[in-house]
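The values are calculated or read from the model by the stated rules, or taken from the named source; none is laboratory data. Remember, it's a predicted structure, so these values are computed and weren't measured experimentally. Please note: Cβ atoms are built from the backbone with ideal geometry, for glycine as well, and neighbour counts cover all protein chains shown. The protein model used for the area step is the full one, side chains on, heavy atoms only, and it has no ligands, DNA or RNA in it. Shrake-Rupley method; radii C 1.70, N 1.55, O 1.52, S 1.80 Å.
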Protein chains: 2
Amino acid sequence: MTDLTLSDDELGLFTDLYELTMLQAYWAEGMHGSAVFSLFFRHPPVHRNFMLACGQEHAARLATGLRFPRAQLDRLETIGLFREPFLRWLEAFRFSGEILAMPEGTPVFPHEPILEVHAPVAEAQVLETLLMNLITTETVLASKAARITLAADGRPVMDFGMRRMHGTDAALRGVRAYSVGGIHATSNVLASLRYGLPASGTMAHSFIQAHHDELEAFRTYGQLYPGTTLLVDTYDSMAAVGKVIRLVREEGLQIGAIRLDSGNLAELAHQARAHLDAAGLEHVQIVASGGLDEWAIRDLLTGGAPIDRFGVGTEMGASVDAPSLDLAYKLTEYDGEPRLKNAPGKQLHPGPKQVWRFSDAGGRYSHDEITRRDEHRDGVPLLTPIVQAGTPLGEAPQVTAGRDRAWAAIARFPDAMRELEAPAAPYPVHFSDALERLRRETVAGLGY
Amino acid sequence: MTDLTLSDDELGLFTDLYELTMLQAYWAEGMHGSAVFSLFFRHPPVHRNFMLACGQEHAARLATGLRFPRAQLDRLETIGLFREPFLRWLEAFRFSGEILAMPEGTPVFPHEPILEVHAPVAEAQVLETLLMNLITTETVLASKAARITLAADGRPVMDFGMRRMHGTDAALRGVRAYSVGGIHATSNVLASLRYGLPASGTMAHSFIQAHHDELEAFRTYGQLYPGTTLLVDTYDSMAAVGKVIRLVREEGLQIGAIRLDSGNLAELAHQARAHLDAAGLEHVQIVASGGLDEWAIRDLLTGGAPIDRFGVGTEMGASVDAPSLDLAYKLTEYDGEPRLKNAPGKQLHPGPKQVWRFSDAGGRYSHDEITRRDEHRDGVPLLTPIVQAGTPLGEAPQVTAGRDRAWAAIARFPDAMRELEAPAAPYPVHFSDALERLRRETVAGLGY
C-alpha cells in the first residue's frame, strides 16, 4: 500500500494529539457527562458573501464508524503518553451520540452552527479534528466553486485543478464539493468515476509539440475523438484556428471546440470567433482557460468575449484568494449546563442551538435567526438530526441533492448576495433574545 | 473502505482525462519515440525567496509502480472514450524510463527543473498529473514551513494545522514537508507515527470548559502529564497563570509551559513571564499560538516578547499567503529533437537540462546556471538519476536527510535570502549560452 492511503483502521489516529490526551484525562477523572459541541466559523473569508456547507454529512457518517483497532493502539502506545487501561477503553470505543447538521449545500453564515454533536464528552471531543479537516476542505472548495459558477453566468465550467490541489484527498473530495458548487465537469478521472461528475478534457501542449506539425496532431485527435476540443495556443493561436477550419471544411472532421489557454483571451476569442464564423463554423465553440478566476471570467463576459465554456484550475483548486476557513468546534454545554469561553475576540454563545431561515412574502430569504434549541419559530429550521444513538439516519448524501439544494437556495437570496463583491450590508443573522440572555447569564456565572 | 482511501490499484486513474486520451492517440499513431519532460515553475509565489523542492523522490517512486489493473480499466471504459485494444495496452503498462531529480530539500528557483523524465512519450506523459499534485503539495508546504522556521529564529515550532489543511492526504504528507521545512513537532498523531516527527499537543478550551473550574482542569492535566503545557486563555489569561503558579508552588506539579492563544500575545507574554519569574518559575516556558504566521512571529520576537515556542496552524496549513505554485510539466524533446512551445508568457527552453549551483571562495552560494544536459561546469549538479530503466535507485528518501540538506543549503545563501522580505535582487539564475542558442534555433525552426 502507498502512504496515500488512509485506511478505516487508521482513522482514529487521524487526529490531533490533544484530543487523545484529553480523552485519557476525561477517562481518568470519570468524566462521562453529556456534552454539546458546535461547529461554526466566526468570520467569512474574503469575498465570500456566503459559504456552502459541504462535507458534514459524509464526515458525520465516518465519525460514527470510528474505531481504534489494537494494532493502531500499539502504534499509539509508542508515543509514551497513554496507559494500557485507557488504550483498552479506546479499543472498545463506539460513538453513541447524536449529530445534527445542515444538509449539504446549505448556504451558511458566520456564527451559524453547521453541525452539532451531543454525546458523552469524550465521544464528542474525539471527533473534532476529523470533522474539521473534512468539512473545511469541502466547504472551502464548494464555496469557491459557487463564485466561479455565478461568474460564468450559465456557461459550463470545467474543473482543471487536480494538479494544483493539495494532495490526493483534496483532489478527489474537492470534485464532490465542486459539483455542489455548480461546476459542470472535471478533468479528474477517478473523481469523475467516484462522484459522477462528467469527465472532461482536451489535450496538452505536449501532444502538439510531440508531433511534427500541429495540423497532424489536430487531425489525429479529431479523428479519434469526434466533437473534441483542440488546443490552439502552442505556437500561434490564429494560425492554429486556420488549421482547425481546414480540417473541418476540407476533411469533414467533427471538432466541438477550440481552447485558448494564454495571451489576451478576450481579443483572441473575438478573432477566433470571427474566423470560425466567416468559415461557416458557428457550431465550433470557444473554451477559455489559463489562470482564470471568477473576476477574470466576469470581466471576459461583461466585455462581451464570445467564450462558451471555461476551464478553471489553480485558482479554484487551492481556493487561492481564501484557502482557509476559521472553523471552530466548541463546547457549549456540559452535563446539562451551558458553557462558554471568554477569550478576546473569540466569544461563544452557550447551549445547543437551532438556525432558522426566514422568507418574505415573495419567497425570498430575508434573514436568519440563531436560537436556543428549545425555542420555536415559523422559519425553516436548518439543523436536522443525521445521526441518532450512534447510527446514521437515512442514505448517504447524494452530490446531486446537495447541488440542487445549494442552487435553489442561492436563487432565493437578495440579488446582491450573488454578486462577486460584498453586498452593501451582509445578510442579516441575529441571535435570539433568549440566547443572548443565556450568554449574559453564563458569563456572569463565570465570575471573571 | 472509506473514500479517503486511494489504493495502489486506483493510482493510474488518479489523473487528468487528457493524459489518457493523449495516450490512446499516441498509441493509435504508433508514436513511441522517447520524450523528455521537465518539471519546473515559472514564477516564485509571493514572498518566497526560494522554494524547497519536496516530494519529488516519493512521487517518482510511486510513478514507477503505476499499474492499470483490469478492474480499474473496466471503470475507465464506462467513460466511453477508450477502445479495448488500448485498454489492453494500458493493462500491460510499465514505466521503463529514467527520472532525474533534485534531492529532497533542495532550494529551487524559477525555471530550474526539479525533475526530468526521459521515457517513451506515453510513459512520460501519463505521470504528469500525479507528479504535479504530489510535488506541488509538499513543495508549497515545505517552503511555507521554512519561512516560519526562519522567523522563529531557533525557537521550536509545532504544527497545529491539521484541522485546516486541505483533506487527509495534505494533512499527512504535509507533515513530511514541514519536517523538511524545519518544523520541530506536530499535533498530528498519524503523521507523527508515519514520518517520525515528534507528536506534540497541549489541551483545547473545551477541556477547561467541561470542568467546574479551571484549576481542577489544570490539576488533572498536570498530574497525568508531567511537563505538560496548560492553555491559559479560556477566561482570563493572567488569572489562569496565577492558578498555574499555585499548582506548581503549593502542589508541586510539574508544568512545562503555558500556552497563550488569543489577545495581545506580546503584552500577555511579558505579563505572564513577569508573574512566573516573580514566583520562581523561570523554567516554565511560554508557548504562543492563534493565527500566527511568519510575520507575526518575527514581530513578536523583534519586539522582545518572551516566547519560547510557537504553535502554527491555519497560516502554515493552507500556506494561506501563497497556497499554489505554477508548476509545469513540459515536453522539451521528442525523438531526439528539441521541442518547445511559444505561447505568450509561457516560453520554454528545449532539451534535457542540468542545474549547476556555484559557490564563492568562502563556500557561500553565488549563482545557479541552467545548462544543456551535455554541458559540464565546475559547480554542483543538482539533478541526479533517481530512477533508471523503470527502477528506483537506492532507498526511499528519508525525511531527516531532506531536512539536513535543506538547512545546510539555506545557510549557504546570501543573508538576504533568509529574510522574510524579498532581497534587493533575486538570487542569480542564468541559462547557458548553449541553451539560449538551442532555444533560438528551435524557435526559428518552428517557422512562426
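Go over the candidates A:ALA305, A:ALA318 one by one and state the one that is touching a Lys or Arg at 6+ places or on another chain (Cβ under 7 Å) and open to solvent by less than 30 Å² (accessible area, probe 1.4 Å). Can you show your working first?
Numbers: A:ALA305 fails: touching a Lys or Arg at 6+ places or on another chain (Cβ under 7 Å).
Residue meeting the stated conditions: A:ALA318.
Say whether the condition of being at pLDDT 95 or above, loosely packed, with under 15 Cβ neighbours inside 10 Å and not hydroxyl-bearing (Ser, Thr, Tyr) is met by at least one residue in segment A:401-410.
yes
Whether any residue in segment B:120-142 is assigned to a loop (DSSP other than H, G, I, E, B) and either within 14 Å of chain A (Cβ to nearest Cβ) or in contact (Cβ under 8 Å) with a residue 12 or more places away in the chain (or both) is what I want to check.
Yes; the residues of segment B:120-142 include at least one that is assigned to a loop (DSSP other than H, G, I, E, B) and either within 14 Å of chain A (Cβ to nearest Cβ) or in contact (Cβ under 8 Å) with a residue 12 or more places away in the chain (or both).
Criterion first (in the same structural domain as B:GLU250 (by TED's automatic domain parsing), closer than 30 Å to A:SER143 by Cα and of a type in the set (A, V, I, L, M)) does B:ALA217 satisfy it?
no
Would you mention how many residues in segment B:332-344 are of a type outside the set (Asp, Glu) and over 20 Å from A:GLY291 (Cα atoms)?
6
Being over 18 Å from B:LEU81 (Cβ atoms) and facing chain B (nearest Cβ under 7 Å) is the filter here, so list the residues in segment A:195-220 that pass it.
A:HIS205, A:SER206, A:GLN209, A:ALA210
Read through the list (1) in the same structural domain as B:ALA422 (by TED's automatic domain parsing); (2) modelled with pLDDT under 95, then give the number of the only condition that B:THR15 fails.
Result: B:THR15 fails condition (2) only.
Return the only residue of A:PRO392, A:PRO338 being in contact with a Pro (Cβ under 8 Å, 6 or more places away or on another chain) and within 14 Å of chain B (Cβ to nearest Cβ).
Step by step, each of A:PRO392, A:PRO338 is checked, and only A:PRO338 is in contact with a Pro (Cβ under 8 Å, 6 or more places away or on another chain) and within 14 Å of chain B (Cβ to nearest Cβ).
For every residue, the table says whether it meets (1) farther than 19 Å from B:ASN49 by Cβ; (2) surrounded by 24 or more Cβ atoms within 10 Å (Cβ to Cβ); (3) in contact with a strand residue (DSSP E or B) (Cβ under 7 Å, 6 or more places away or on another chain).
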{"residue": "B:PRO107", "(1), (2), (3)": "no, yes, yes"}
{"residue": "B:HIS111", "(1), (2), (3)": "no, no, yes"}
{"residue": "B:ILE114", "(1), (2), (3)": "no, yes, yes"}
{"residue": "B:HIS118", "(1), (2), (3)": "yes, no, yes"}
{"residue": "B:GLN125", "(1), (2), (3)": "yes, yes, no"}
{"residue": "B:ILE135", "(1), (2), (3)": "yes, yes, yes"}
{"residue": "B:THR139", "(1), (2), (3)": "no, yes, yes"}
{"residue": "B:ALA142", "(1), (2), (3)": "no, yes, yes"}
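Out of the helices (runs of 4 or more DSSP H) lying entirely within segment B:1-91, which hold 1 or more residues that are open to solvent by less than 60 Å² (accessible area, probe 1.4 Å) and more than 27 Å from A:GLN209 (Cβ to Cβ)? Spell out how you get there, then give the answer.
Details: elements: B:17-29, B:56-64, B:70-77, B:84-91.
Of the helices (runs of 4 or more DSSP H) lying wholly inside segment B:1-91, those with at least 1 residues that are open to solvent by less than 60 Å² (accessible area, probe 1.4 Å) and more than 27 Å from A:GLN209 (Cβ to Cβ) span B:56-64, B:70-77.
Among the residues of segment A:411-439, which ones are more than 22 Å from the chain's Cα centre (by Cα), open to solvent by 80 Å² or more (accessible area, probe 1.4 Å) and within 19 Å of A:GLU112 (Cα to Cα)?
Across segment A:411-439, the qualifying residues are A:HIS430, A:ASP433, A:ARG437.
Give, as residue ranges, the helices (runs of 4 or more DSSP H) completely inside segment B:175-290 that count at least 2 residues that are in contact (Cβ under 8 Å) with a residue 40 or more places away in the chain and buried (at least 21 other Cβ atoms within 10 Å of the Cβ).
Numbers: elements: B:189-195, B:205-210, B:214-224, B:237-251, B:265-278.
Per the criteria, B:265-278.
For segment A:159-168, which residues satisfy the criterion of being open to solvent by 10 Å² or more (accessible area, probe 1.4 Å) and either more than 9 Å from chain B (Cβ to nearest Cβ) or not in a loop (DSSP other than H, G, I, E, B) (or both)?
Step one: of segment A:159-168, the residues open to solvent by 10 Å² or more (accessible area, probe 1.4 Å) are A:160, A:163-164.
Result: A:ARG163, A:ARG164.
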